[in-house]
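The values are calculated or read from the model by the stated rules, or taken from the named source; none is laboratory data. The structure displayed is predicted, hence computed values, not measured ones. Reconstructed Cβ throughout: ideal geometry from the backbone, glycine too, with neighbour counts over all protein chains shown.
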Amino acid sequence: MLTKASAKFIKSLQLKKYRNIEQLFVVEGVKSVDEVISSTFKIKTIVAEESFVQDRDLSGIEVIKASRKELAQLGSFKTNDGAVAVVHQKSNQSLTLTEGLFIALDGVNDPGNLGTIIRIADWYGIDKIVASKDTVEVYNPKVIAASKGSFCRVNVYYHDLLPTLSESKLTKYGAFMSGENIHSQKFNQHGIIVMGNEANGISPAVEELIDVKITIPKYGAAESLNVAMATAIICDNFKRQLH
């Protein structure tokens, strides 16, 4: 049975302050909860409808049964389709950019954008993202929701980008409004795709470390592309050329 104390505790995790204190975060919805059950994340509690509990092996996890109405009141969204999980955060580990294709984010602050970029990375087989310390927190409920379960397979590491990028010998490709046409650019198999802040782009300090400035050619009248959309286009051009 879901108590008032348990409900209050879970709701508190919608706020970054309490996520940081408890080192926990919330995953909402049957599909995303199923993803986290199958992942390497450690689950503290699952609050779910009877049908969800009966159909799954949840041994070793605290399970609280609740109605759909109670579940909707727990989460950050107006509707919830059957389950909420309280999950332990993973510690922020060091990352060395030595081999493979990486995405680096310089001050991306919209949670929907980060969640979508995580989903895009997962689609294109990129499992590591390095983010500046002022990039939005990966455990924000809107990031988790927008990632559609991809947060289970793509790790986000928060570091000071300047030393992290400067220490890497990989080619750094930065997205700019003016640069080399991405359609004619020859990409290396290993590299770092650097994406900037929604309003200001890549910061001047990080720009100094960029090896190749690339741009997506514009054919219409739109002022700019959303950072997540631009990330998808760049990743697609990388993969199309290398496969």
Seminar exercise, completed: Those residues of the stretch 35-52 which are more than 17 Å from the chain's Cα centre (by Cα), buried (at least 18 other Cβ atoms within 10 Å of the Cβ) and in a helix (DSSP H, G or I) amount to I37, F52
For this session: For Y219, state whether it is modelled with pLDDT under 95, over 30 Å from K42 (Cβ atoms) and not assigned by TED's automatic domain parsing to the domain that holds Y18.
Result: yes
Exercise. Checking G60 against (1) farther than 30 Å from A205 by Cβ; (2) at pLDDT below 90; (3) not hydrophobic (A, V, I, L, M, F, W, C), which single condition isn't satisfied?
Worked result: (2)
Exercise. Quick one: would you say I193 is in contact with a Cys (Cβ under 8 Å, 6 or more places away or on another chain) and either of a type in the set (V, I, T) or more than 21 Å from P163 (Cβ to Cβ) (or both)?
Worked result: yes
Exercise. When residues of the stretch 165-180 are filtered for being of a type outside the set (A, V, I, L, M, F, W, C), at pLDDT 95 or above and within 19 Å of V227 (Cβ to Cβ), how many remain?
Worked result: 3
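Quick one: is L105 surrounded by 22 or more Cβ atoms within 10 Å (Cβ to Cβ), farther than 18 Å from H88 by Cα, assigned by TED's automatic domain parsing to the domain that holds I193 and out of contact with any Gly (no Cβ under 6 Å at 6 or more places or on another chain)?
yes
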For this session: Test each condition in (1) at pLDDT 90 or above; (2) over 21 Å from S150 (Cβ atoms) for Q89 and report the one that comes out false.
Result: (2)
For this session: Considering only the stretch 10-28, state which residues are free of Cβ contacts under 8 Å to residues at least 40 places away in the same chain and part of a helix (DSSP H, G or I).
Result: S12, K17, Y18, N20, I21, E22
